[in-house]
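The values are calculated or read from the model by the stated rules, or taken from the named source; none is laboratory data. These numbers were taken from a predicted model, which means no experiment stands behind them. Here Cβ is always computed from backbone atoms with ideal geometry, including for glycine, and neighbour counts include all displayed protein chains. We work out accessible area using only protein heavy atoms, side chains counted, and drop any ligands, DNA or RNA first. Shrake-Rupley method; radii C 1.70, N 1.55, O 1.52, S 1.80 Å.
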Amino acid sequence: MARLNAVFVCASCGGETLKWQGQCPLCGEWNTLEQRQGSSTRTAAAPAVAVALSSGVRLASTAERLASGAGELDRVLGGGLVPGSVILLGGDPGIGKSTLLLQVAAHVAASKPVVYASGEESVAQVSQRAQRLGLVADGLGVVAETDLAPILSLAAERRAGLLVIDSIQTVQSGGAGAPPGAVSQLRECTAQLVRFAKTSGCAVVVIGHVTKEGTIAGPRMLEHLVDTVLYFESEAGSRFRIVRATKNRFGAVNELGFFAMTAAGLKEVRNPAAIFLARAPVPAPGSIVTVTRDGGRPLLIELQALVDAQSFAAPRRVAQGLDSNRLAMLLAAANRHASLSLQQHDVFVNVVGGIEIAETCWDLPVVIALASSLRECPLPAQLVAFGEIGLTGEVRPVPYGDERLREAQAQGFNRAIIPHGNAPRRAPPGLTVTAVSRIGEALEAAFAAPR
């Protein structure tokens, strides 16, 4: 007969210890250890069976991905939903996670049975949202349940091709012996979902709540267990949504998908340049377009710079969507090597559209935009620029220069100022490329262009 031993589980990190302590020895949190019962008996493990790598490759090639119905989401996933995979989707409350997955479930239900398990809404509420979105799917079964065992039994009985859990913080497993949302419950429920997906071939999508810092609530183990981790992002008051992959075993990480929230649900934005290039009808000083690369696609984004006379004792340096410390470095380099003196001016730089640029391609266009604002001289509307600036005043190349130029040409731009190291052997048709090596050369080329 199994002998039960008392163990103490930390409610913060999920760590276990045999003795109660005021402070968890693993994470350092106080008064988080809770007593649980564990069994001392061990069952004999079944012998492992090895499968030839070539056989595994043939099995993987026969498993076709499920189209989600949204090309942008399929792009982020690497081509669609992989049978037997587990996807974790996180995002702020009200951003549209349930709406997106209900649309995906309705699309998949046209070809395969789908189970949508909601622990936060009743079946009537989910049905009302489906009617509001105009979704009709006979193969979509909705269940309002928080116990994981009947949910998995229903999915196995229906031989579901897709199982949606909304959300992981509301479901519970009787074996964990803790309330829903506890660390032990999150770990146990996720592990059961992973086992179910791998053994049944059903794709599982799990919604996860996020903390005030923007990370998925619960132990980091959740992100390690699942195959793909997606984040739903949006700026406050904006109707545009961005889905970003931070982990993907079946595709590229940091891939982006763009959506717009409408009365009929989330609609994919196939041309993201329409979001970030809504420029003023008349060219204004301090505005320029750059080509950044976020994930696996180049994006054309408008940068705006404003230079104003100093109004306080110390000049202000404000950057939205850019690194403010790097902006201060660029101001010093421009002053030293291009005589662009802004010590007596407040400097404000903004990325239109609310996106953050993590790479250094914005160095050159920001310096050009600052000079444009200082001189009150508008730049050509069809001018694009990108490049990194060093402390010695040189303009350094950035990765994927040819792809950036092709994207600029496809969006109708006819002139580009780029680093000499990114100069192509043959420029795209209709695009005049000016390659520069120093900051001074870039400023001369920008303001020598005809208007």
Test for Ala6: is it part of a loop (DSSP other than H, G, I, E, B), over 30 Å from His107 (Cβ atoms) and either modelled with pLDDT under 80 or in contact with a helix residue (DSSP H, G or I) (Cβ under 9 Å, 6 or more places away or on another chain) (or both)
no
Whether any residue in the stretch 302-313 is modelled with pLDDT under 90, closer than 22 Å to Leu327 by Cα, open to solvent by less than 50 Å² (accessible area, probe 1.4 Å) and within 25 Å of the chain's Cα centre (by Cα) is what I want to check.
no
Given (1) at pLDDT below 80; (2) open to solvent by less than 100 Å² (accessible area, probe 1.4 Å); (3) within 38 Å of the chain's Cα centre (by Cα), index of the condition Thr17 fails
(1)
Only one of these is touching a helix residue (DSSP H, G or I) at 6+ places or on another chain (Cβ under 8 Å), modelled with pLDDT of 90 or more and of a type in the set (Lys, Arg): Lys247, Lys198. Name it.
Lys247
Residues that are touching a residue at least 60 places away in the same chain (Cβ under 8 Å) and of a type in the set (D, E, K, R), at least 3 per element: which helices (runs of 4 or more DSSP H) completely within the stretch 357-451 meet that?
401-410
Of all residues in the stretch 148-179, count the ones that are of a type in the set (Asp, Glu) and over 13 Å from Thr190 (Cα atoms).
1
Is it true that Glu188 is acidic (Asp, Glu) and over 30 Å from Pro150 (Cα atoms)?
no
Of (1) closer than 25 Å to Asp308 by Cα; (2) among the basic types (Lys, Arg); (3) touching a Leu at 6+ places or on another chain (Cβ under 6 Å), Arg375 satisfies all except one. Which?
(3)
Of everything in the stretch 279-301, what is over 25 Å from Phe447 (Cβ atoms) and surrounded by fewer than 18 Cβ atoms within 10 Å (Cβ to Cβ)? Give them in sequence order.
Gly295, Gly296, Arg297
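Answer yes if at least one residue in the stretch 411-418 is under 22 Å from Ala328 (Cβ atoms), surrounded by 15 or more Cβ atoms within 10 Å (Cβ to Cβ) and among the aromatic types (Phe, Trp, Tyr), and no otherwise. Spell out the reasoning first.
Step one: filter the stretch 411-418 for residues under 22 Å from Ala328 (Cβ atoms), giving none.
No, the stretch 411-418 contains no residue that is under 22 Å from Ala328 (Cβ atoms), surrounded by 15 or more Cβ atoms within 10 Å (Cβ to Cβ) and among the aromatic types (Phe, Trp, Tyr).
Find the strands (runs of 3 or more DSSP E) located wholly in the stretch 168-270 whose residues include 2 or more that are in contact (Cβ under 8 Å) with a residue 12 or more places away in the chain and open to solvent by 30 Å² or more (accessible area, probe 1.4 Å), and list them.
Details: elements: 203-208, 228-233, 240-248, 256-262, 265-268.
Strands (runs of 3 or more DSSP E) meeting the threshold: 228-233, 240-248, 256-262.
In the set Leu370, Leu340, which member is over 22 Å from Phe276 (Cβ atoms), out of contact with any Asp or Glu (no Cβ under 8 Å at 6 or more places or on another chain) and either modelled with pLDDT under 95 or surrounded by 15 or more Cβ atoms within 10 Å (Cβ to Cβ) (or both)?
Details: Leu370 fails: over 22 Å from Phe276 (Cβ atoms).
Exactly one residue qualifies, and that residue is Leu340.
Return the residues of the stretch 271-295 that are part of a loop (DSSP other than H, G, I, E, B) and under 26 Å from Arg415 (Cβ atoms); say none if nothing qualifies.
Step one: filter the stretch 271-295 for residues part of a loop (DSSP other than H, G, I, E, B), giving 271-272, 277-286, 295.
Result: Asn271, Pro272, Leu277, Ala278, Arg279, Ala280, Pro281, Val282, Pro283, Ala284, Pro285, Gly286.
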Quick check on the stretch 161-170. Is at least one of its residues farther than 19 Å from Pro150 by Cβ and within 22 Å of the chain's Cα centre (by Cα)?
no
